[in-house]
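Report on the following structure.
The values are calculated or read from the model by the stated rules, or taken from the named source; none is laboratory data. As the structure is a prediction and not an experimental result, all values here were calculated from the model. Virtual Cβ from ideal backbone geometry, glycine too; neighbours counted across all protein chains shown.
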Amino acid sequence: MVETVLQVKDLYKSFGNLEVLKGISFELRQGQSLSIIGSSGSGKSTLLRCINFLEMPTSGDIYFESEKIEWNVKSLKEKIAFHKRTSQLRAQIGIVFQEFNLWPHQTVLENIIEAPIHVKGVSKEEATENAVALLKHYGLDDKKDAYPLTLSGGQKQRVAIIRSLAMKPKLILFDEVTSALDPELTSEVLKAINMLAGEGMTMILVTHEIEFAKAASRQTIFIDQGVILEQGDSSELLNNPKEERTRAFLQKVLREEEQEKLERTSG
């Protein structure tokens with residue numbers, strides 16, 4: 001039986017009077033990749049941050065590997081236990097942001113081995129061996145002694161992905177990892193994520209790359225104004241959406257992509 005890695009049930013998140021997530025529910029099975037699409041401000045990134053408890057939900061339940069994460073804690077003892085549990089969770093649920101977040105004073109190799117050594121207690125020799133193997137696998141073995149400032153945006157993002165993989169996570173969350181990159185560098189990163197999908201990594205991809213969502217994910221969720229308006233098979237939803245709002249969103253994205261292509265050609 002395929003294991004359910006993540007369950008999100010009736011999740012709400014508010015910032016003051018602003019309700020961002022309004023009852024989100026879905027589940028993710030081992031080896032599955034899920035794309036989340038939607039307009040800017042629809043709650044996609046907030047959802048990822050709640051799953052990793054970088055933001056505290058307002059209400060609802062999150063289960064990781066069938067264990068309910070008790071986040072609504074009050075006593076000091078409960079808070080200490082929750083802090084310990086979230087540290088364990090973040091070692092198993094990686095998250096890759098669009099800003100890379102690499103340490104500029106450390107080499108690529110040092111960036112990658114930092115967390116396995118200090119969070120998981122892996123020896124420096126083992127962490128280094130694993131990091132070098134990952135760099136070679138993703139075509140960056142010649143950059144292990146380079147500093148982030150000398151890398152292209154696409155290379156930085158691939159290093160950020162490798163840094164997450166070095167923790168051997170059970171789930172990786174990708175938050176618009178190509179939005180700050182030009183098309184050529186975007187293709188480098190999408191290729192790396194496609195490799196992960198082919199290798200059976202369990203992933204959630206917040207993305208504006210519609211063709212990539214079709215290729216890299218089996219399921220897609222469309223979030224609109226904090227609710228799941230439509231979800232289902234990626235190819236079916238992205239090619240033949242049922243909801244008018246989904247169709248309008250996809251048409252807008254495609255128009256923007258065409259405009260970008262025209263501007264690049266004319267430039």
Among the residues of the range 9-51, write down those that are out of contact with any Leu (no Cβ under 6 Å at 6 or more places or on another chain), in contact (Cβ under 8 Å) with a residue 60 or more places away in the chain and polar (S, T, N, Q). SER25, GLN30, GLN32, SER33, SER39, SER42, SER45
Condition check: in contact with a helix residue (DSSP H, G or I) (Cβ under 7 Å, 6 or more places away or on another chain), surrounded by fewer than 19 Cβ atoms within 10 Å (Cβ to Cβ) and hydroxyl-bearing (Ser, Thr, Tyr). Does SER66 satisfy that? no
As an exercise: evaluate THR186 against (1) surrounded by 13 or more Cβ atoms within 10 Å (Cβ to Cβ); (2) free of Cβ contacts under 8 Å to residues at least 24 places away in the same chain; (3) out of contact with any Leu (no Cβ under 9 Å at 6 or more places or on another chain) and give the number of the one condition it does not meet. (2)
Scan the range 71-111 residue by residue and report those that are more than 21 Å from SER45 (Cβ to Cβ), touching a residue at least 40 places away in the same chain (Cβ under 8 Å) and aromatic (Phe, Trp, Tyr). TRP103
Answer yes or no: is there a residue in the range 214-226 that is among the small types (Gly, Ala, Ser), at pLDDT 90 or above and surrounded by 15 or more Cβ atoms within 10 Å (Cβ to Cβ). yes
Matching residues, the range 128-160, being aliphatic (A, V, I, L, M), in a helix (DSSP H, G or I) and closer than 20 Å to LEU196 by Cα: ALA131, VAL132, ALA133, LEU134, LEU135, VAL159, ALA160
Please find, among LEU171, LEU149, the residue that is touching a residue at least 12 places away in the same chain (Cβ under 8 Å), touching a Ser or Thr at 6+ places or on another chain (Cβ under 7 Å) and farther than 25 Å from PHE249 by Cα. LEU171
Assess whether ARG255 counts as being touching an Asp or Glu at 6+ places or on another chain (Cβ under 8 Å) and basic (Lys, Arg). no
Of the numbered conditions (1) in contact with a strand residue (DSSP E or B) (Cβ under 9 Å, 6 or more places away or on another chain); (2) modelled with pLDDT under 90; (3) of a type in the set (A, V, I, L, M), VAL96 fails exactly one; give the number of that condition. (2)
I need the full set of residues from the range 141-161 which are crowded, with 21+ Cβ neighbours inside 10 Å and aliphatic (A, V, I, L, M), in order please. VAL159, ALA160, ILE161
Residues within the range 112-127 that are among the β-branched types (Val, Ile, Thr), touching a residue at least 40 places away in the same chain (Cβ under 8 Å) and part of a loop (DSSP other than H, G, I, E, B), tallied: 1
How many of the residues in the range 11-21 are surrounded by fewer than 17 Cβ atoms within 10 Å (Cβ to Cβ) and under 14 Å from MET56 (Cα atoms)? 5
Of all residues in the range 164-192, which are at pLDDT 90 or above and in contact with a strand residue (DSSP E or B) (Cβ under 8 Å, 6 or more places away or on another chain)? SER164, LEU165, MET167, PRO169, LYS170, LEU171, ILE172, LEU173, PHE174, ASP175
